[in-house]
């Protein structure tokens with residue numbers, strides 16, 4: 001009997017499909033105003049996030065993380081990859097706040113990643129962009145250009161941008177218009193621990209989620225957005 | 001004459017085990033009087049009562065197909081609205097009894113029903129249906145993935161004409177069917193080109209030669225040990241396939257062995273062999289003496305002795321064929 005079971009099927013004959021990917025982009029303000037405690041805590045938050053994802057059996061296989069930073073220049077400092085091939089970056093604060101260009105790079109990069117998934121037949125959940133900034137953008141023209149693109153994608157549920165304002169020197173009115181799905185979160189304490197703990201847990205939730213109905217309003221991404229908005233009261 | 005068998009297996013996914021949630025898949029297999037029916041359903045993870053919904057969906061579908069199959073293939077009539085109407089009525093009744101929202105019962109559905117001449121298959125949502133023939137296992141019905149992978153259609157989705165795939169056709173050249181939920185498909189279907197993995201061919205080939213009980217145990221083991229390890233989702237599968245028919249030499253051996261067991265049966269070996277072939281051709285599962293008598297024309301006494309014979313050698317003919325009898329006779 002055991003012999004029959006052992007020879008029943010060979011593990012190497014099973015399909016080797018990649019785990020459905022959950023693309024996450026951290027779009028981070030590293031302008032001069034972030035210097036000091038803010039950038040220090042941000043660096044620690046990213047380290048904690050990586051460690052938390054690495055310890056989660058579902059998020060570890062699914063999370064596909066990239067980091068875009070913006071000051072006067074915009075940089076893709078971490079391209080998409082799973083957590084196993086990553087080491088947390090150490091960010092340094094300098095120069096101005098090209099928020100619009102940062103968002104544009106994040107959105108374009110998210111779309112390019114989806115194209116790559118499709119080309120390779122990899123299933124994926126819709127991308128999430130976490131925007132963190134502590135100041136007013138110096139490129140409002142670009143912001144006005146990129147927001148309608150974000151809003152259109154969000155309405156089709158092909159993207160969610162989670163705006164996180166740090167400190168009090170913010171353009172609150174602008175932050176409220178970044179996303180049509182997720183409310184603006186404002187962090188006063190410059191402590192990212194709770195935020196990154198939530199983010200890690202959310203990635204795990206998305207990674208574990210199987211099929212849902214096209215007609216349901218409570219699909220996974222909506223649940224994440226709802227939880228986010230509930231946290232903000 | 002060919003012999004068909006049907007099997008089903010189900011495993012709770014690691015994500016549901018970790019959360020203490022019930023398995024939200026349901027699966028059923030039926031084989032009787034020449035009709036095989038396999039059904040699977042996957043309850044939606046975001047629905048509180050999806051496990052009940054999946055059970056209701058498979059139960060109603062199975063009952064419907066067993067009763068309606070002959071009429072459907074004889075008249076080639078459309079049946080999707082009738083079937084889905086029955087499923088939705090059952091969901092509605094359950095939701096009313098329990099005081100719950102009917103939308104909390106949502107599930108996908110895949111099914112195949114066939115006799116030796118015709119097959120019908122149907123799918124709503126992200127399950128997969130496969131067909132086995134001389135060239136291998138092919139995808140017969142599968143959802144085309146949209147951008148929203150976390151979304152799928154269900155038996156409660158709006159326009160059933162748009163979301164339900166139904167096919168009917170002849171059985172020529174077909175040796176088996178499989179239905180599976182998306183969890184199982186993650187291990188058995190290559191997403192890059194939507195083809196079945198080699199393991200799926202093995203599952204059908206083993207079906208041809210293994211004893212029913214052994215196959216069932218091995219399938220359960222493979223689901224738990226290998227297939228469900230590929231995903232955190234619940235996994236279920238049901239398949240029908242042809243069991244290897246006895247070869248002429250095996251029938252000769254069986255007839256000789258029968259005479260040794262029942263020396264009081266005065267017919268010659270050639271007559272016994274002929275009756276044994278008739279007996280096996282008429283045999284259905286579960287065995288019915290009346291049915292065998294009517295179909296084969298063998299005397300009731302001999303039918304009784306043949307049933308005793310096969311019980312005595314501990315093999316169910318339709319599962320095992322007779323190929324091991326050769327070895328048994330040599331040992332004698």
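Ordered by the count of other Cβ atoms within 10 Å of each Cβ, fewest first, A:118, B:277 give A:118, B:277.
Here the convex hull built on the C-alpha positions of chain B has a volume of 153 cubic angstrom per residue. As a proxy for reagent exposure, ranking B:215, B:132 by other Cβ atoms within 10 Å from fewest up yields B:215, B:132.
Across peptide B:230-239, the mean count of Cβ atoms from other chains lying within 10 Å of each residue's own Cβ comes to 2. Of interest is the spacing of the C-alpha centroids, which for the range B:206-246 and the range B:39-60 amounts to 22 Å.
Rounded to the nearest 10 degrees, the inclination of helix A:220-231 to the longest alpha-carbon principal axis of chain A is 40 degrees. Between A:127, A:18, A:137, the residue with the greatest mean-square fluctuation in the GNM of chain A (Cα pairs under 10 Å linked by springs) is A:18. May I ask you to derive the FRET efficiency for residue B:96 and residue A:116 from their Cβ-Cβ distance with R0 = 45 Å, giving the value to the nearest 0.05? Between residue B:96 and residue A:116 the formula returns 0.40.
Using the Cα atoms of the range B:156-238 to build a convex hull, what is its mean projected area in square nanometres?
Here the figure is 7.7 nm², rounded to one decimal.
Every Cα-Cα pair in the protein assembly as shown was counted, and those over 48 Å apart are 27% of them. Along the Cα-to-Cβ line of residue B:192, 7 Å from the Cα, sits a label point; which residues in the range A:9-38 have backbone N less than 17 Å from it? Only A:12-21 pass the distance filter.
Starting from the alpha-carbon convex hull of chain A, give the projected area averaged over all orientations, in nm².
Numbers: hull surface 58.7 nm².
Mean orientational projected area (chain A, Cα hull): 14.7 nm².
In plain terms, the C-alpha convex hull of the range B:61-208 casts an average shadow of 10.0 nm² when viewed from every direction.
The alpha-carbon atoms of the range B:42-81 define a convex hull whose volume equals 69 cubic angstrom per residue.
Sorting the Cα pairs of the range A:1-102 by distance into bins of 5 Å, from 0 upward, gives 3, 12, 17, 17, 13, 10, 7, 5, 4, 3, 3, 2, 2, 1, 0 percent per bin. A Förster radius of 56 Å combined with the Cβ-Cβ distance from residue B:59 to residue A:229 puts the calculated FRET efficiency at roughly 0.90.
Shape class of the range B:74-147 from the alpha-carbon gyration tensor: oblate, with a/c at 1.5 or above and b/c at least as large as a/b. Ordered by the number of other Cβ atoms lying within 10 Å of each residue's own Cβ, fewest first, A:8, B:196 fall into the sequence A:8, B:196. Helical runs assigned H by DSSP (4 residues or longer) give the protein assembly as shown a calculated mean residue ellipticity at 222 nm of -13500 deg cm²/dmol, each run adding -39500 (n - 2.57) before division by the residue total.
Taking Cα atoms only, the orientation of helix B:212-222 departs from the longest principal axis of chain B by about 30 degrees. The ellipsoid equivalent to the alpha-carbon distribution of the range A:45-160 has semi-axes of 24, 20, 11 angstrom, derived from the gyration tensor eigenvalues as √(5λ) and listed largest first. Once the Cα atoms are used to define both axes, helix A:193-208 deviates from the longest principal axis of chain A by about 30 degrees. With a simple spin-label model that places each label point 7 Å from the Cα along the Cα-to-Cβ direction, the separation between residue B:249 and residue B:264 comes to 3.4 nm.
If R0 equals 56 Å, the separation of the Cβ atoms of residue A:76 and residue B:70 corresponds to a calculated FRET efficiency of about 0.35.
Only the coordinates and a few stated rules stand behind these numbers; no lab work does. Remember, it's a predicted structure, so these values are computed and weren't measured experimentally. So basically every Cβ, Gly included, is an ideal-geometry build from the backbone, and we count neighbours across all protein chains shown.
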